[in-house]
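Data first, discussion second: the structure below is written as structure tokens.
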Amino acid sequence: MHGIELKYGSGTLTCQLPEARVLRPAEVTAPADVRQLIEAALDAPLGSPALAQIVHPGEQVVIVTSDITRYTGSEHYLPVLVERLNGLGIADRDICIVIALGIHRKQSEAEHRKILGPLFGRIAVYDHECDDPAQLVDLGTTTTGIPVRINRRVVEAGRVIVTGTAGFHYFAGFGGGRKGLVPGVAARQTCMATHFSVFNPPEVGGKHPLAKTGVLDGNPVHGALLEAARMVQPDFLLNTVLSADKQILGVFCGELEAAHLAACDMARGLYAVTLEAPADLAVVSCGGHPKDINFIQSHKALDYGVQALRPGGTIILLAACPDGFGNPTFFDWFQYRDLSEFEAALRSRYEINGQTAYATLMKALQYRVLLVSGFSAEQTRVMGMEKAEGLEAALQMAYAKLPDNPRIVVIPDGGTVLPEISA
């Protein structure tokens, strides 16, 4: 076997492990005509009438789309959507685009240009504001008591079209679909409350076992998001499925849940890889820059990678993290060394970054994590991991404690490939 090329930051490392199985996404050629793919999906909506039967001349239409941190192919599909709406008697002045920031920062003009493509300067665009009461409307509470407050422009629009992309998410199961609305255009309190569904009730404690990557059925976070999003009564969904290099491979349109589930099925088929038995060692690259720009971004590859392992197995994570942790409060959460104490702290003052830190420590306690990164040995230790000075050093550290004839997997794009061990 030739060396396996693994991206690390802006460079590449070579891994010589002839006995390893390499896990890669399914090979699919991107369609030559992306516009045709979008048009075909709009012509054959799933679980819903076509746009021509939903939208009527003179109505105000809001299109919700993701911010710059969630690339979706919006510069391709937004112009096609607007052209369709124009053809149905909806003038440009009656269309606006709301950027689903959730609790993220506002976008720059340059970022708006990237998201809207040729529509920039033609169609009004607004950033969602999760902390401005004047920009939010109270829609009530979910059956589990989550307060649902949503962007006023979205709620008061005649028609709402939600867009985004479907891919794995480490505790909501999949991104896309309902997440365009909640947390996308929800109040901070709503965002936090739905994400907090990752935990069992206090009397049970711990993380819910079904709040994990690739799982929707029985996932309490997914259930909370979907129920809250349905309260908005969206009219239409468009979700893409992307290749690892961000090309549009699939487009799914229609009813909020039906179209999303179809997109999730395609994403699973592309990026889930079945293993007949768990591995002793997984060598995982996040996929290089920008997927390993900071640790919060790199966590996705850690979360996916450990799912290839037996309990107590070893993972070597290649994550350069030139921008550090990714949030100034993330590292502070590791003052909690016991998971029950950590959970109690999150229950009293929940932060999404704290939840990511909790998930990191949980994995570090279950597996041996050898981290190749720019962090110091002390920073790595505080996060529950062991620092390795490079790939070769990490392999030497791993082999010192591996059984004879170990099962090994290598995952060159750990941020997209989800190992699944067959029952």
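Okay, here's what the table says:
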item: Vicinal HN-Hα couplings computed from phi for region 301-312 (Karplus, 6.51 cos²θ - 1.76 cosθ + 1.60; Hz; Gly/Pro x); result: 5, 5, 4, 5, x, 5, 6, 8, 9, 6, x, x
item: Likely footprinting exposure, His76, His222, fewest C-beta neighbours within 10 Å first; result: His76, His222
item: Karplus (6.51, -1.76, 1.60) ³J(HN,Hα), θ = phi - 60°, over region 253-266, in Hz, Gly and Pro reported as x; result: 10, x, 5, 3, 7, 4, 5, 5, 4, 5, 5, 5, 4, 5
item: Chymotrypsin sites (Phe, Trp or Tyr not before Pro) within region 70-138, DSSP loop, no more than 15 other Cβ atoms inside 10 Å; result: Tyr71
item: Long-range HN-HN contacts of Cys286 with modeled amide H, under 5 Å; result: Leu318, Gly414
item: 5 angstrom amide H check on Val410, placed H, neighbours 5+ away; result: Arg21, Val22, Leu23, Val283
item: Convex hull per residue volume in Å³, alpha carbons only, for region 1-97; result: 161 Å³
item: Net +/- balance of residues flanking Ile90 in space, Cβ distance below 13 Å, scoring K and R +1, D and E -1; result: -2
item: Equivalent ellipsoid, region 34-270 (semi-axes from 5 times Cα gyration tensor eigenvalues, Å); result: 27, 20, 16
item: With at most 14 neighbouring Cβ atoms within 10 Å, loop trypsin sites (Lys or Arg not before Pro) (DSSP) excluded, longest segment of the chain; result: 123-245
item: With at most 12 other Cβ atoms within 10 Å, longest stretch of the chain clear of loop GluC sites (Glu not before Pro) (DSSP); result: 28-202
item: Mean projection area, nm², convex hull over Cα of region 86-161; result: 6.4 nm²
item: Extent along principal axes [Cα atoms of the chain; Å; largest to smallest]; result: 70, 50, 41
item: Region 261-288-region 121-161 distance, computed between alpha-carbon centres (Å); result: 35 Å
item: Amide H within-cut-off set for Gly313, under 5 Å, with H built and near neighbours excluded; result: Arg368
item: Rg and Dmax of region 299-381, Cα atoms only, in Å; result: 12.7, 33
item: Antiparallel bridge percentage (DSSP; both residues within region 34-270; nearest 5); result: 40 percent
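Every number in this text was worked out from the coordinates using simple rules, so none of it is lab data. This one's a predicted model, so the numbers in the text were calculated from it and none came from an experiment. Cβ sites come from the backbone with ideal geometry, for glycine too, and all protein chains shown count toward neighbours.
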